[in-house]
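Q: Can you read through this structure? Questions will come right after.
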Amino acid sequence: MSVVLGVDVGGTFTDFLLWRDGRFEVHKRPSTPDDPSRAVLEGIDALGVTPELVVHGSTVATNAVIERRGARTALVTTEGMRDLLAIGRQTRPDMYDLQPRTPEPLVPRDLTFELHATLRPDGSVEVAPDHSEVRMLVQRAEEAGAEALAVSLLYSYANPTFEELFEQAASGSELFLSLSCRVSPEYREVERTATTVLNAYVGPVMSRYVRRLSVGLRERGTGPLRIVQSDGGSADVARVARLPVATLLSGPAAGVAGAFAVARRAGYERIVTFDMGGTSTDVALCDGALPMRPDVIVDGFPARMPTVDVHTVGAGGGSIARVDVGGALRVGPRSAGADPGPACYGSGNDFTVTDAQVVLGRLGAGGLLGGAMRLDEQRAHAAVSGLEHAFGGDPHAAAQAVVDVATANMERALRVVSVQRGYDPREFTLVAFGGAGPLHACALAETLEMARVLVPPMPGVLAALGAVRSDRTATRARSVLLPFVDASAAAIRDALTVAGAEVRTQLDAPDGAAPPEVSWALDLRYVGQAYELTVEIGRDGAFGGVREAFDVLHEARFAHHDAAAAVEVVSVRATARIAGIDADPTPRFERGDAAVETAAVWFAGERRETRFIDRAGLVPGDRIEGPAILTQLDSTTLVAPGWRAEVDAAGNLILQRSGMEQS
Amino acid sequence: MTDAARTTLSAADLAITDAALSSVAEEMGEALGRTAFSPNITERRDYSCAVFDAGGRMVAQAAHLPVHLGSMPTAVRAVMRLGPFEPGDVCALNDPFLGGTHLPDITTVAPVFTGGPEPLGFVVTRAHHADIGGMAPGSMPVARELLQEGLVIPPITLVRGGKVEEAAMALIVRNSRAPEERRGDMRAQLAATRLGGRRLEALARRFGADALRGRFAALLDHGERVVRAMLDDVPDGRYRFEDRLEVGDGITIRLAVEIAGDEIHFDFTGTDPETEETSLNAVAAVTHSACYYIVRCLAGQDTPNNEGCYRPVRFTLPERSLVAAGPPRAVSAGNVETSQRITDVALGALAQALPDRIPAASSGTMNNITIGGYDRARERPYAYYETIAGGAGGGPQRAGRSAVHTHMTNTMNTPIEALPLAYPFTVERYEIRAGSGGGGLHPGGDGVVREYLFRDAATVTLITERRRFAPWGLQGGAPGAVGRNTLVRADGTVERLGARAQIEVRAGDRLRVETPGGGGWGRPEEE
């Protein structure tokens, strides 16, 4: 494969990364939120290429849920269970809200139907369904104008036959059908039902989108389209159209995958990714592999799909600062968003984190996006005046305080993915990207005592990079609920074999290509616990060492284990994978004119003359002592005082505290 | 520390310290929730974690359960009398009259040292254990005195110098109907405690131990300022309200909320005496929690979770009353039911001062159900506890939410599909109880119907309220529907149960719990 195009659609920009002749070209253009495929196709026209493969990180499914623009969806449940999703876990998100809000449902109550049929917990039949009732329910859904039908029956993970009746009944109908036994055959009814309903809700929207995009691509003579899934792997159009719920975290997963690929090439296997944008920040910890979790929560609804474990906080450069009535400085949760944006963008009046960086002299002179976007420094200075009273009238002290509190908020997010998961962040390299990540990275690394920061050469297009490099994947998880003992080994192995066959058939290898590689894992827990940990099984499919690996993992995550306690297998997992291309993101180096400018920047109350250096002019081996600010098209890197940056062979900036040897 | 150390803490350092300490409490909670064994802790997350200063004042609490807000400080102060401590000590208690709430809530308190002889502070966990003995599985029986409710653990040192006092642990574990589960849950609490201790030590290294003490003090002052600013905006006055619990013809909680400047006084003078008939007696700590919760709600998003917030709060609690019970009274329902009525009464009073902020009464009960006995299929004794949501009251801004836990609890449900994997019963119906919310411009939320089918004989205890006295509406809104507890025997016989019941069920019997809706707010608009 020699010409591959990675595309990541963001809220503001659509990023293109074209892999051709062993090199990458970057292209950016404004997104077209009304129909994201337009920007994609226009970008391809602008690039003037016909890629053999287009891999696309997409927010279509997520946005459909958040904005409630999904399909009109009907739901069939077991009798007595129609309100499972409305009840959820019976909790309120904000404990101290006297008037908790009711979330907008995905399925209107008049489109929720109950099937008179009952399974016992072990999957045996108590009351068999009447086929005519099944047909009648399908008909009622259609008559009510439903585009999609979700079916989630109690205990169906143990016996899919009731749900499968709907397949026959709906054959020939236009309904997008989503069965829980197909989408998410795992126990815990609320999660399974939510996953199945989400799949139905985004199904027609996603199908239409990929169809439209595929047609446009075909007209341009390109190769096939693939969509990045929440696990960081990509899937062909057929799988995505059937299982769109697997793409809910497409973009952030691709970003982490891209960052991890870059860091790994540079020799760093243990990293924490830090992607700070205007309105939100994504962090993830990779310990030699992409971190996975079995679910993702979107707008309060859980989707049981393997997902890169990205923790998102609603804080970024646009977070608004203010002093509360008790005299504490608060940064966020309110955000100036993209509109009006930070005061320095020219129309807002609230003082944001980005404005604080402007007041401190770290942003501004050259504007953003290579000067295409000017920053209004006067406006940022005017906005800070509202905070100055708490800082003795000193605007620089106020701005520094805002950056410090923002850093503390980011620290808290990083602690969630590191300390709360049993990892010590000091052992990891911080990989900073996104528009604002590299500007905040040194301060964040200092609070967490991390010794090293890596800033990739293209910190604005890592999601597109992750898309280009993505493996093709198909995954399956199925609850078995068996004791992990010799007596049930055969049953466990059977379930693994079935799951392996399912995922293998979902990835049809191109002619002559190697068949997919299948890997297996078990979700294990001590009997009586309610949370599982996923343990990989060796390639030989034997269970030797699995029990010990579980104890070790449990100790690492929760600081205790019990080698004598009984263990059970909750679910089996299989993943099929066809490796993607190992595209090397090393840029072409051109020694620049080294036109270094100097300007005043404030650090912790001290004014220091600081060099501003165009990153494009740096070549491997260059060393820059902090303080310095490295500018590039879509990001700004701060080398803080006491830090030193070095350009490695692949063009990454490796920032370390001066005096600390690179290990 | 000096006053200077307090006042020099900058606006930024306040926020940074609050974030750092809250992280400690959250990380403890995460560890506890993931490692415990009983569904009550792992699935329902019925626990809280907090950090205290050396003076026994709470400086940070993870946002877990309001009912633990005011009662954890009492526990720490009770434990402090056991000192002096050495590093590695962990104390435990559940005595409701010495810092506990009700017996199933076991609290661990561990001093944290940073070199000197005096602790820097304490880390605390509190978790609701599914069974701690007593006359019925689940330890929330229909009882008349405390000893019927289970094992009473006065403040004791459970871990000394890092070594578990195995005799004490064995005594606790042996007094539960599910000893192995108890051991696992206790171990999880101790692990979370250790983790919290390590995290607090790390903060002491980062900020300096003395400086951290100064920061504790500054955080408490900040909390106090936030709440005083809020109270200052509430119109001064004395606002009265009363409501009843369902014992006999009703036993009454009477409250006058007095707002004067930036202080608030909860005066319960006139409240009925403690009851000998039931366990609806709240210990003072529970009453404090309920009132603190209301203050915290009104003070809004910027309020830190620390005890400084409650300096402007004063109480008058008549001794040996429903809101300040003493030994030997039974108290298990005081924590879960009377606490809800106390919030109702406080809201009813404050609605007169703040008509545009206070909603109508929510369901006003946690609908506690405990099921236990001997599981013949699994050959083991068991005890299971859960609470069922109801409707939230309609409010000035919007209609009440249906099927949600309100006020003093926010515990999750257990997945229906998880139950038959561990217990000999299933849930056959779980739906919103349509039409149970009170009508109004902004109607109350609907309650829930949850129906259990027993596959084996079991002892079932129900502790519920609002089965006779409905959740009230406000500003012309209608009351919510009262709840109903119904037992349908395998042979079809239907028995209406009272608000509190202990019953023996057999295989094939069904229990239907219909929870109350919330009260409506405002007169419905005329068409």
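Laboratory data are not the source of any read-out in this text; all were calculated from the coordinates shown. Predicted model only: the values in this text are computed from it and were never measured. Positions of Cβ are generated from backbone atoms using ideal geometry, with glycine treated the same way; all protein chains shown enter the neighbour counts.
Q: Taking the alpha-carbon set of segment B:196-272, what are its Rg and Dmax in Å?
A: That works out to 20.6, 59 Å for Rg and Dmax.
Q: Which helices, counted as full DSSP H runs in chain A, have an axial Cα extent of no less than 27 Å and a Kyte-Doolittle average of 0.0 or above?
A: A:395-417
Q: Quick one: dipole size for segment A:1-46, taken about the Cα centre, charges +1 on Lys/Arg Cβ and -1 on Asp/Glu Cβ, in debye to the nearest 20. Write out the running numbers ahead of the final one.
A: Working: 5 positive and 8 negative charges, 29 e Å.
Dipole of segment A:1-46, to the nearest 20 debye: 140 debye.
Q: Now for a different question. Highest mean first, what order results for A:149-157, A:38-46 on Cβ atoms within 10 Å?
A: A:149-157, A:38-46
Q: Here's something else I'd like to know. Using alpha carbon centroids, what distance separates segment A:530-595 and segment A:473-497, in Å?
A: 18 Å
Q: If you take the square roots of the eigenvalues of the alpha-carbon gyration tensor of segment A:339-464 and sort them as a ≥ b ≥ c, do you get rounded (a/c under 1.5), prolate (a/b over b/c) or oblate?
A: Oblate is the answer for segment A:339-464, as a/c is 1.5 or above yet b/c matches or exceeds a/b.
Q: Based on the alpha-carbon gyration tensor of segment A:305-366 and its eigenvalue square roots a ≥ b ≥ c, which shape applies: rounded if a/c is under 1.5, prolate if not and a/b is larger than b/c, or oblate?
A: oblate
Q: Give the span of segment B:61-124's Cα atoms along each principal axis, as three whole-Å numbers ordered largest to smallest.
A: 34, 24, 15
Q: Can I ask one more? Calculate the dipole size of chain B relative to its Cα centre from +1 charges on Lys and Arg beta carbons and -1 charges on Asp and Glu beta carbons; express the result in debye to the nearest 20.
A: 780 debye
Q: Report P(r) for the protein assembly as shown: all Cα-Cα distances, bin width 10 Å, range 0 to the bin holding the largest distance, values in whole percent.
A: Each 10 Å bin holds this share of Cα pairs: 2, 9, 17, 22, 22, 16, 8, 2, 0, 0.
Q: I'd like the distance between the alpha-carbon centres of segment B:233-295 and segment B:377-416, rounded to an integer number of Å.
A: 24 Å
Q: Please get the size of the charge dipole for chain A, origin at its Cα centre, with Cβ charges of +1 on Lys and Arg and -1 on Asp and Glu, quoted in debye to the nearest 20.
A: Values: 64 positive and 85 negative charges, 121 e Å.
Rounded to the nearest 20 debye, it is 580 debye.
Q: Another question about this same structure. Quick one: plug the Kirkwood hydrodynamic radius of segment B:380-472 (C-alpha pairs) into Stokes-Einstein at 10 °C, 1.306 mPa s, and report D in µm²/s.
A: Numbers: Rh = 14.9 Å.
Result for D is 106 µm²/s.
Q: Just going by the charge dipole of the protein assembly as shown, with Lys and Arg at +1 and Asp and Glu at -1 on Cβ, which of B:A481, B:L212, B:T42 is farthest out on the positive end?
A: With unit charges placed on the Cβ atoms, the residue in question is B:T42.
Q: Hey, could you pull the Cα Rg and Dmax for segment A:213-346, both in Å?
A: 18.5, 63
Q: Restrict the search to segment A:553-591; then list the GluC sites (Glu not before Pro) that DSSP places in a loop and that have at most 11 other Cβ atoms within 10 Å of their Cβ.
A: Numbers: sites: A:E555, A:E568, A:E590; in loops: A:E590.
In loop regions of segment A:553-591 (DSSP not H, G, I, E or B), the sparsely surrounded GluC sites (Glu not before Pro) are A:E590.
Q: P(r) for segment A:535-641, please, calculated from all Cα pair distances in 5 Å bins and given in %.
A: All Cα pairs, binned at 5 Å, distribute as 2, 8, 13, 12, 8, 5, 5, 6, 10, 12, 11, 6, 3, 0 percent.
Q: Using the Kirkwood radius built from alpha carbon pairs, what does the Stokes-Einstein equation give as D for segment A:23-73 at 4 °C and 1.567 mPa s, in µm² per second?
A: Estimated diffusion coefficient is 100 µm²/s.
Q: Taking neighbour Cβ counts within 10 Å as the exposure measure, how do B:R177, B:R398, B:R506 sort from fewest upward?
A: Ordered from fewest to most neighbouring Cβ atoms within 10 Å, B:R177, B:R398, B:R506 come out as B:R506, B:R398, B:R177.
Q: In addition: Return the FRET efficiency for the residue pair A:A487, A:E590: r is the Cβ-Cβ distance, R0 is 45 Å, and the value is rounded to the nearest 0.05.
A: 0.10
Q: Sticking with the crude label model, points 7 Å out along Cα→Cβ, report the distance from B:A490 to A:A513 in nm, one decimal please.
A: Between B:A490 and A:A513, the simple spin-label model gives 5.9 nm.
Q: Something else: Under a no-solvent Debye model with one identical scatterer per Cα of segment A:396-445, what's log10 I(q)/I(0) at q = 0.27 Å⁻¹?
A: Treating every Cα as an identical point scatterer, log10 I(q)/I(0) equals -1.10.
Q: In 5 Å bins starting at 0, how do the alpha-carbon pair distances of segment B:371-525 split up by percent?
A: All Cα pairs considered, the percentages come to 2, 10, 17, 19, 17, 13, 9, 6, 4, 2, 1, 0.
Q: Where the Cα atoms of segment B:284-333 are projected onto their three principal axes, how long is each span, largest first, in whole Å?
A: 40, 21, 15
Q: If you don't mind, another one. Rounded to whole Å, give me the distance from the Cα center of segment A:393-426 to that of segment B:9-65.
A: Rounded to whole Å, the Cα centres lie 18 Å apart.
Q: Return the Rg/Rh value of segment A:139-201, two decimal places, where both radii are evaluated on C-alpha atoms and Rh is the Kirkwood radius.
A: Computed over Cα atoms, the ratio is 0.96.
Q: Please report, in whole Å³, the volume per residue of the convex hull around the C-alpha atoms of segment A:231-290. Let's see the in-between values first.
A: Details: hull volume 5.4 nm³, N = 60.
Cα convex hull per residue, to the nearest whole number: 91 Å³.
Q: Give the shape of segment B:448-494 as rounded, prolate or oblate, defined through the alpha-carbon gyration tensor: a ≥ b ≥ c are the square roots of its eigenvalues, a/c under 1.5 means rounded, and otherwise the shape is prolate if a/b is larger than b/c and oblate if not.
A: Details: a/c = 3.52, a/b = 2.79, b/c = 1.26.
Prolate is the answer for segment B:448-494, as a/c is 1.5 or above and a/b outweighs b/c.
Q: Starting from the coordinates of the alpha-carbon atoms of segment B:98-219, obtain the Kirkwood hydrodynamic radius over all distinct pairs and give the value in Å to one decimal.
A: 16.0 Å
Q: Output the Kirkwood hydrodynamic radius of segment A:108-257, Cα pairs only, in Å rounded to one decimal.
A: About 16.7 Å, per the Kirkwood formula over Cα pairs.
Q: Using only DSSP helix segments of four residues or longer, with each worth -39500 (n - 2.57), what per-residue ellipticity at 222 nm results for the protein assembly as shown after dividing by its residue count and rounding to 500?
A: -9000 deg cm²/dmol
Q: To continue, here is another question. Kindly write out, for segment B:303-310 in residue order, the coupling ³J(HN,Hα) from the Karplus curve 6.51 cos²θ - 1.76 cosθ + 1.60 (θ = phi - 60°), rounded to whole Hz, with x marking Gly and Pro.
A: Values, residue by residue: 6, x, 8, 9, 6, x, 4, 9 Hz.
Q: Further question: Give a quick list of trypsin sites (Lys or Arg not before Pro) in segment B:317-392 that DSSP marks as loop, anything other than H, G, I, E or B, with at most 13 other Cβ atoms within 10 Å.
A: Numbers: sites: B:R320, B:R329, B:R341, B:R357, B:R376, B:R378; in loops: B:R320, B:R357, B:R376, B:R378.
The qualifying sites are B:R320, B:R376, B:R378.
Q: Go through B:I388, B:V345, B:T316 and say which Cα lies farthest out towards the positive end of the charge dipole of segment B:312-394; charges sit on Cβ, +1 for Lys and Arg, -1 for Asp and Glu.
A: The Cα lying farthest towards the positive end belongs to B:T316.
Q: Continuing with the same structure: What is the set of long-range amide H partners of A:V480 at a cut-off below 5 Å, with H atoms built 1.01 Å from backbone N?
A: The list, which skips near neighbours in sequence, is A:S571, A:V572.
Q: Further, regarding this structure: Check which residues have an amide H placed less than 5 Å from B:G121's amide H, if you skip close sequence neighbours.
A: Long-range HN contacts for B:G121: B:V112.
Q: Name the residue farthest towards the positive end of the dipole of segment A:499-556 from the options A:Y531, A:A499, A:W520, assuming +1 on Cβ of Lys and Arg, -1 on Cβ of Asp and Glu, about the Cα centre.
A: It is A:Y531.
Q: Compute the orientation-averaged projected area for chain B from the convex hull of its Cα atoms and round it to one decimal in nm².
A: 24.0 nm²
Q: Follow-up. Let me check the size of segment A:170-270 from its C-alpha atoms; what are the radius of gyration and Dmax in Å?
A: Over segment A:170-270's Cα set, Rg and Dmax evaluate to 16.5, 54 Å.
Q: Given that compact globular proteins tend to follow 2.2 N^0.38 Å, what is the ratio of the alpha-carbon Rg of segment B:273-401 to that value? Let's see the in-between values first.
A: Working: Rg = 17.8 Å, N = 129, 2.2 N^0.38 = 13.9 Å.
Against the compact-globule rule of thumb, the ratio is 1.28.
Q: Okay, moving on. Using a 10 Å cut-off around each Cβ of peptide B:412-423, what is the average number of partner chain Cβ atoms that fall inside?
A: Working: counts 5, 6, 3, 9, 11, 15, 6, 1, 4, 8, 3, 0.
Across the residues of B:412-423, the mean count of other-chain Cβ atoms within 10 Å is 6.
Q: So for A:M450, A:M292, fewest C-beta neighbours within 10 Å to most, what's the order?
A: So the ranking, lowest neighbour count to highest, is A:M292, A:M450.
Q: Compute the Rg to Rh ratio over chain A from the alpha carbon atoms, using the Kirkwood formula for Rh, and round to two decimal places.
A: 0.98
Q: What number, in nm² with one decimal, is the all-direction average of the projected area of the convex hull of the alpha-carbon atoms of segment A:471-583?
A: Taking the Cα atoms of segment A:471-583, their convex hull projects to 8.3 nm² on average.
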